[in-house]
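The block underneath contains the structure these notes are about, expressed in structure tokens.
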Amino acid sequence: MAEPVKDWRYYYEYMKKNAPLAIYYPICGGGEECISVCPYGREIWDVVPMITPMFGAKPKKRYRPVMIHPEKCRRCYLCIQACPTGALHRSEEELKHPMLTLLKNTLKLFFKKRYGLKWVFREEHREKFKKNNP
Ligand code: SF4
């Protein structure tokens, strides 16, 4: 029998405890920008189903990145720079105001030289967004 799909908090706590990075899933869009920019990509990351809201939309099954091999992470933090929403952050930090973080990071996209709007809307990320938000 298939395991029931877990709530996003399970993976959030898992990453906080076991990985150098954590994702606050309610403000993650699922475009996999973090995985595409990571030099180790799928060696570190997987995409798993979880029950999560998205940008205020009601919780349902969506697919989101999880670090399955955090020990391989080199802490270059390229993935944090590339995250368009601010959902990805260092595990020791807390996102005190997630919606404010989302707003600030969305506005920043218009001015970022690297990983700005054009990059986020690349075909590859649009495809991932569609796949991960069925
Ligand atoms: S910090 Fe660097 S190595 Fe670690 S997951 Fe992010 S991009 Fe990959």
Legend entry - Count of segment 81-90 residues which are farther than 10 Å from C28 by Cβ and surrounded by 15 or more Cβ atoms within 10 Å (Cβ to Cβ): 2
Legend entry - Selection within segment 1-25 - in contact (Cβ under 8 Å) with a residue 60 or more places away in the chain, in contact with a helix residue (DSSP H, G or I) (Cβ under 7 Å, 6 or more places away or on another chain) and open to solvent by 20 Å² or more (accessible area, probe 1.4 Å): Y24
Inset, instruction - Under 8 Å between Cβ atoms, at least 6 apart or on separate chains: pull out the pairs that start in segment 64-79 with a residue that is open to solvent by 20 Å² or more (accessible area, probe 1.4 Å) and β-branched (V, I, T) and end on any residue that is near the ligand (Cβ under 8 Å from one of its atoms) and at pLDDT 95 or above. - result: I68/I44; I68/W45
Legend entry - Residues satisfying the stated conditions in segment 6-30, i.e. assigned to a loop (DSSP other than H, G, I, E, B) and hydroxyl-bearing (S, T, Y): Y24
Inset, instruction - With the checklist (1) at negative phi; (2) open to solvent by 70 Å² or more (accessible area, probe 1.4 Å) in hand, flag the one item F55 doesn't pass. - result: (1)
Legend entry - Scan of segment 108-124 for residues that are open to solvent by less than 100 Å² (accessible area, probe 1.4 Å) and of a type in the set (A, V, I, L, M, F, W, C), ordered by number: L109, L117, W119, V120
Legend entry - Test: residue in segment 20-28 that is out of contact with any Lys or Arg (no Cβ under 8 Å at 6 or more places or on another chain) and over 14 Å from L102 (Cβ atoms): no
Inset, instruction - Test each condition in (1) farther than 20 Å from K130 by Cβ; (2) open to solvent by less than 80 Å² (accessible area, probe 1.4 Å); (3) out of contact with any strand residue (DSSP E or B) (no Cβ under 8 Å at 6 or more places or on another chain) for L100 and report the one that comes out false. - result: (2)
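The values are calculated or read from the model by the stated rules, or taken from the named source; none is laboratory data. Nothing here was measured: the structure is a model prediction, and the numbers come from that model. Neighbour counts run over all protein chains shown; Cβ positions are idealised from the backbone, glycine included. Ligands, DNA and RNA are stripped out before the accessible areas are found, and what is left, the full protein with its side chains, is counted by its heavy atoms. Shrake-Rupley method; radii C 1.70, N 1.55, O 1.52, S 1.80 Å.
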